[in-house]
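Enquirer: Please read through the structure below; I'll follow up with questions.
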Amino acid sequence: NTSAYDSPEVSQFGCEGPNNCFSWDFKLAYLGLLFVFVVLNHLFTKLVLLGVVAEKLRKMQRKDDRTLYRAPIVTSDSDDSSSDAEDSDISDATEGELLPSQREVRRSAS
């Protein structure tokens with residue numbers, strides 16, 4: 001048994017059908033609000049997470065990585081009195097002496 005759409009069993013207190021008591025103005029206001037949030041979410045993702053802000057953060061991180069993770073250079077003709085390897089810029093290191101992040105920095109720089 002199904003009830004008619006405007007039956008008191010289905011539509012009470014001025015509602016149009018079951019669980020449908022909101023006015024059209026209210027529904028349109030919420031639709032507009034949903035649209036605004038979707039647009040803001042897309043802008044945030046595009047500009048911040050994938051865009052200019054993330055680019056600047058990645059550049060700063062690469063710069064910090066270069067100074068923090070300098071690969072030591074061990075040469076075979078080094079003086080015996082100095083047993084510690086000296087730190088060097090990544091441009092002086094061979095590919096095998098670099099960390100993966102340093103290799104990426106070198107590739108992006110060239």
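The values are calculated or read from the model by the stated rules, or taken from the named source; none is laboratory data. Remember, it's a predicted structure, so these values are computed and weren't measured experimentally. Glycine gets a Cβ as well: all are built from the backbone with ideal geometry, and neighbour counts include every protein chain shown.
Enquirer: Filter segment 17-35 down to the residues that are modelled with pLDDT of 70 or more and not in a helix (DSSP H, G or I) and list them by number.
Expert: Keep residues of segment 17-35 that are modelled with pLDDT of 70 or more, which gives 20-35.
Answer for segment 17-35, where residues must be modelled with pLDDT of 70 or more and not in a helix (DSSP H, G or I): Asn20, Cys21, Phe22, Ser23.
Enquirer: Here is a list of conditions, (1) at pLDDT below 75; (2) within 20 Å of the chain's Cα centre (by Cα), and Val48 meets all of them except one; can you say which number that is?
Expert: (1)
Enquirer: Also, I was wondering about something else. Scan segment 25-45 and give yes if some residue there is closer than 30 Å to Val105 by Cβ and out of contact with any helix residue (DSSP H, G or I) (no Cβ under 6 Å at 6 or more places or on another chain), otherwise no. Break it down into steps so the answer makes sense when it comes.
Expert: Within segment 25-45, the subset closer than 30 Å to Val105 by Cβ is 44-45.
Checking the rest, the ones that are also out of contact with any helix residue (DSSP H, G or I) (no Cβ under 6 Å at 6 or more places or on another chain) come to 44-45.
Looking for residues that are closer than 30 Å to Val105 by Cβ and out of contact with any helix residue (DSSP H, G or I) (no Cβ under 6 Å at 6 or more places or on another chain), one finds at least one in segment 25-45, hence yes.
Enquirer: Looking at the structure I just gave you, is Thr75 more than 24 Å from the chain's Cα centre (by Cα), at pLDDT 70 or above and among the β-branched types (Val, Ile, Thr)? Break it down into steps so the answer makes sense when it comes.
Expert: Details: more than 24 Å from the chain's Cα centre (by Cα): yes; at pLDDT 70 or above: no; among the β-branched types (Val, Ile, Thr): yes.
It is false that Thr75 is more than 24 Å from the chain's Cα centre (by Cα), at pLDDT 70 or above and among the β-branched types (Val, Ile, Thr).
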